[in-house]
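**Student:** This structure is in structure tokens; I'll ask about it shortly.
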Amino acid sequence: WKRNAFFFSPAKPPPARRNKPTDFLPSTFPLLRPPPPPRRPAMALYRRAASAIRRRGAGALPLPLLPARAMAMASSLFGHVEPAPKDPILGVTEAFLADPSPDKVNVGVGAYRDDDGKPVVLDCVREAERRIAGNLNMEYLPMGGSIHMIEESLKLAYGEDSEFIKDKRIAAVQALSGTGACRLFADFQKRFLPDSQIYIPTPTWSNHHNIWRDAQVPQRTFSYYHPESRGLDFAGLMDDIKNAPNGSFFLLHACAHNPTGVDPTEEQWREISYQFKLKNHFPFFDMAYQGFASGDPERDAKAIRIFLEDGHQIGCAQSYAKNMGLYGQRAGCLSILCEDEMQAVAVKSQLQQIARPMYSNPPVHGALVVSIILSDPELKNVWLGEVKGMADRIIGMRKALRENLEKLGSPLSWEHVTNQIGMFCYSGMTPEQVDRLTSEYHIYMTRNGRIRYQQRLELFSFFVLFIISLAPLV
Ligand SMILES: Cc1ncc(COP(=O)(O)O)c(C=O)c1O
């Protein structure tokens, strides 16, 4: 009984604390405080508390006496938390950084590099930053972000003279780059169309699945890539569009499909748009590479423009990570074309409402850089030249990789390397072949065989050929 009484008797209240004269010393004079009394070594205290809890349960000690860490240790509050699986893309970089080999090459990370493998900052960005430095303030942006940056982003995606912009039919907010734009949209979809699903291409950028999963929107997939031809599975794609319930949400890569680099032709986009219209589907465009694919932002927005001409309501996620090299600045935009201005005002207010408890308002620096570049015709021209330069360089690397593989005597067809577009090549290598490249030759890439173009192509081509000739592809 005595032992049980320990559990049931209320904890004694701590003795009333009397103010000591030192409590009133102003904190501006910390040195005037007497030294604190010697304290019991922390670890000993934790151990004592933890063992008391183990023996007598968590109620054994009055709460104020329980050091927080001891409680966590003893009751193992997070004991069930398993390490999260590694991200298939960012995990590659982690493994690459941990490899001490001087010969290591990382062709997995989704960021553009110069010939020495170094990150690139565009001249237009440097100039915009020079104009910002010391001249502009860094106060909070509104919940929806920079109006200026949003206006410029809409012109880029919907067209300089878009009637939808003039009619104020587009609800748009600045977003935390492309990922943040997708996530905001997914949350919006869940909140206002809770019974809807999202159709996602197979394959896709792996984070799409995480984004819609965490927003609790059920996912379906639609055919996209045709492994045999290493091109578009157009027939499968059209079938899946036809077979989806009317009014379904579809995620479409506006250009430079990640990871395959396979885009529909203009004619195919027109057919897709037509079929969407018949089925009343909603297209959500993820445009992470505008300008980066062909070198021309207008050309890369072609799919969106076709859907707009056909009278669709669309959603669009824009990112400035790749095309302006603002990866870490998290600059992006989410827009939804509405039926009229009133609807756009309502939708925008709800998007802001979703953003408010998540991050309150978006970051200011990248938004300033983007709006300065896009609103100054001279600086915008510099950007257009630089983005074309990056795209052309990648197209040149595609050619070089194909030529190298052919020169090395590869019996396989590498035509898809030059047919695909954008920063990545979907090589067709199996996960096992990728594992061998990594473990034996320190070449790092995602296990789906996605390669980012970069220097040291000869070396890379050699290893690709070597592995493939050991385990030929069918
Ligand atoms: C298809 C696609 N969407 C969105 C993103 C998002 O990138 P960020 O959030 O850095 O703008 C990426 C980046 O790799 C991507 O490939």
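Bear in mind these aren't lab numbers, they're just calculated from the coordinates by the rules spelled out. As the structure is a prediction and not an experimental result, all values here were calculated from the model. Virtual Cβ from ideal backbone geometry, glycine too; neighbours counted across all protein chains shown.
**Student:** Quick one: if the Förster radius is 56 Å, what FRET efficiency do residue 246 and residue 95 give, using the C-beta to C-beta distance and rounding to 0.05?
**Tutor:** 0.80
**Student:** Between residue 80 and residue 148, what is the label-point separation in nm under the 7 Å Cα-to-beta-carbon projection?
**Tutor:** 5.1
**Student:** For region 368-416, what percent of Cα pairs sit more than 13 Å apart?
**Tutor:** 66
**Student:** Hey, can you grab everything whose amide H is under 5 Å from the amide H of residue 286? Only 5+ residues off in sequence or another chain; H modelled, so Pro and N-termini drop out.
**Tutor:** 252, 253, 254, 317
**Student:** When only C-alpha pairs under 8 Å and at least 6 residues apart count, what is the relative contact order of region 123-381, in percent?
**Tutor:** The normalised contact order for region 123-381 reaches 30 percent.
**Student:** Now for a separate question. Over 22 Å between Cα atoms: which of 155/277; 166/277; 277/388; 277/302 fall into that group?
**Tutor:** 155/277; 166/277; 277/388
**Student:** A further question follows. Work out, step by step, the length gained on full extension between residue 376 and residue 216: first 0.36 nm times the residue separation, then minus their alpha carbon distance; give nm to one decimal.
**Tutor:** 53.5 nm
**Student:** If contacts are Cα pairs under 8 angstrom and at least 6 residues apart, what is the relative contact order of region 316-364 in percent? Don't skip to the end; give the middle numbers.
**Tutor:** Details: 32 pairs, mean separation 14.0, N = 49.
Relative contact order for region 316-364 comes out at 29 percent.
**Student:** With a Förster radius of 41 Å, plug the Cβ-Cβ distance of residue 192 and residue 407 into 1/(1 + (r/R0)^6) and report the FRET value to the nearest 0.05.
**Tutor:** E(calc), rounded to 0.05, equals 0.15.
**Student:** Please compute the volume of the convex hull spanned by the alpha-carbon atoms of region 123-381 and report it per residue in Å³. If you can, show how the numbers build up before the last one.
**Tutor:** Values: hull volume 31.4 nm³, N = 259.
So the per-residue hull volume is 121 Å³.
**Student:** Sticking with the crude label model, points 7 Å out along Cα→Cβ, report the distance from residue 131 to residue 234 in nm, one decimal please.
**Tutor:** Modelled inter-label distance: 4.3 nm.
**Student:** Continuing with the same structure: Given points 7 Å out from each Cα along the Cα-Cβ axis, report the residue 360 to residue 392 separation in nanometres with one decimal.
**Tutor:** In this crude spin-label approximation the distance works out to 4.5 nm.
**Student:** Report the antiparallel proportion of the DSSP beta bridges in region 123-381 as a percent, rounded to a multiple of 5.
**Tutor:** Here the share of antiparallel DSSP bridges comes out near 45 percent.
**Student:** Working out 0.36 nm times the residue gap between residue 226 and residue 111, then minus their Cα-Cα distance, what length gain in nm do you get to one decimal? If you can, show how the numbers build up before the last one.
**Tutor:** Values: separation 115, 0.36 × 115 = 41.40 nm, distance 2.57 nm.
Contour length minus the Cα-Cα distance gives 38.8 nm.
**Student:** What does the net charge come to around residue 231 if you take all other residues with beta carbon closer than 13 Å to its beta carbon, with K and R at +1 and D and E at -1? Kindly include the intermediate steps, with their values, before the conclusion.
**Tutor:** On the way: positive: 230; negative: 228, 233, 263, 415.
Once positives and negatives cancel, what remains is -3.
**Student:** Which whole-number percentage describes the relative contact order of region 124-249, with Cα contacts under 8 Å and a sequence gap of 6 or more?
**Tutor:** The value is 17 percent.
**Student:** Can you list the residues of region 255-296 with backbone N under 14 Å from a point 7 Å past the Cα of residue 343, pointing along Cα to Cβ?
**Tutor:** The answer is 280-283, whose backbone nitrogens lie closer than 14 Å to the label point.
**Student:** Quick one: Cα convex hull volume of region 305-424, Å³ per residue?
**Tutor:** Value for region 305-424: 168 Å³ per residue.
**Student:** Could you give the dipole magnitude of region 123-381 about its Cα centre, charging the beta-carbon of Lys and Arg +1 and that of Asp and Glu -1, in debye to the nearest 20?
**Tutor:** 720
**Student:** Taking neighbour counts of Cβ atoms within 10 Å as a proxy for exposure, in what order, fewest first, do 398, 270, 130 appear?
**Tutor:** Exposure proxy ranking, most exposed first: 130, 270, 398.
**Student:** Contour minus end-to-end for residue 274 and residue 155, with contour as 0.36 nm per residue of separation and end-to-end as the Cα-Cα distance?
**Tutor:** 40.4 nm
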